[in-house]
Amino acid sequence: MSEQALRTELVEWARSMFYRGYSSGGAGNISAKLDDGTIIITPTNSSFGDLQADRLSKLDIEGNWLSGDKPTKEVSMHLAMYHNRLECRAVVHLHSPWLTALSCLPNLNSSNCLPPITPYYVMRVGKLPLVKYLPPGDEKIGEEIAKLAAKHNAILLSNHGPVVGGKTLRQAFFNAEELEDTARLYLTLLPHGFTTLNKEQVQQLETRYPKN
């Protein structure tokens, strides 16, 4: 895919997420990796609803700003995914309401914040580890994500929101959407109780559908 086509696709996905309530105002950021290793990423203080393809920031793989508007302050989390999950070619960070609500709950299992309540969560995400709260833009967020990215394509930031990767932009957004839906189902069911897939069912899915 050409750079211009990737820029256009990123803008289209971002707009879709904005109008469906996955990210409001200037919240969240998105990046995609080009074949030459450079990265296209949303600028600081930009909105998913009105991005312009030719003003997206461009970085080298070390995070140096090459062109476009000034990049988001949360570059480090994107670089952590790219450096430690080599198949990752796109990263989506959202402040989507159900996952952000989940990230604020006490006593979450830091190794996996969501139980396997649907096969689609297992197939697309598998497990959702938690990173302790750090201020937005803190370089330590990238350090914490780097510890987890090799084995996880989605990570939840405490009191903040998810960071989700994929082999393509489409895949990253599909993963993020599935994750948000799972959080919504979980929080809706929580007062009533629910059943989960058992270990054997989870293992069957993991064998049949390697993580995206």
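The values are calculated or read from the model by the stated rules, or taken from the named source; none is laboratory data. The structure displayed is predicted, hence computed values, not measured ones. Quick reminder, even Gly has a Cβ in these numbers, built from the backbone with ideal geometry, and neighbours come from all protein chains shown. Each accessible area value is taken on the protein alone, full model and side chains, heavy atoms only, with ligands, DNA and RNA left out. Shrake-Rupley method; radii C 1.70, N 1.55, O 1.52, S 1.80 Å.
Could you grab the pairs with beta carbons closer than 6 Å, sequence gap of 6+ or different chains, first residue in segment 66-86 and among the aromatic types (Phe, Trp, Tyr), second one open to solvent by less than 40 Å² (accessible area, probe 1.4 Å)?
TYR82/CYS88
With a cut-off of at least 1 residues that are at pLDDT below 95 and farther than 22 Å from THR42 by Cβ, name the helices (runs of 4 or more DSSP H) lying wholly within segment 55-151. I'd like the intermediate steps shown before the answer.
On the way: elements: 75-84, 97-103, 119-124, 139-148.
Correct list: 119-124.
Just wondering, is there one or more residues in segment 78-88 that are under 18 Å from SER24 (Cα atoms) and among the charged types (D, E, K, R)?
Checked segment 78-88: no residue is under 18 Å from SER24 (Cα atoms) and among the charged types (D, E, K, R).
For segment 18-50, which residues satisfy the criterion of being touching a Gly at 6+ places or on another chain (Cβ under 7 Å), modelled with pLDDT of 95 or more and part of a loop (DSSP other than H, G, I, E, B)?
Correct list: SER46, SER47, PHE48.
Name the single residue that is nearest to LEU197 (Cα to Cα) among those in segment 148-168 being open to solvent by 40 Å² or more (accessible area, probe 1.4 Å) and out of contact with any Pro (no Cβ under 9 Å at 6 or more places or on another chain).
Looking at the filtered set, the residue picked out is ALA150.
Considering only residues that are among the basic types (Lys, Arg), in a helix (DSSP H, G or I) and surrounded by 13 or more Cβ atoms within 10 Å (Cβ to Cβ), which ones fall in segment 171-212? Quick ask: steps written out before the conclusion?
Restricting attention to segment 171-212, the residues satisfying the condition of being among the basic types (Lys, Arg) are 184, 199, 208, 211.
Next cut, in a helix (DSSP H, G or I) only: 184, 199, 208.
Once the filter is applied, which keeps residues that are among the basic types (Lys, Arg), in a helix (DSSP H, G or I) and surrounded by 13 or more Cβ atoms within 10 Å (Cβ to Cβ), segment 171-212 yields only ARG184.
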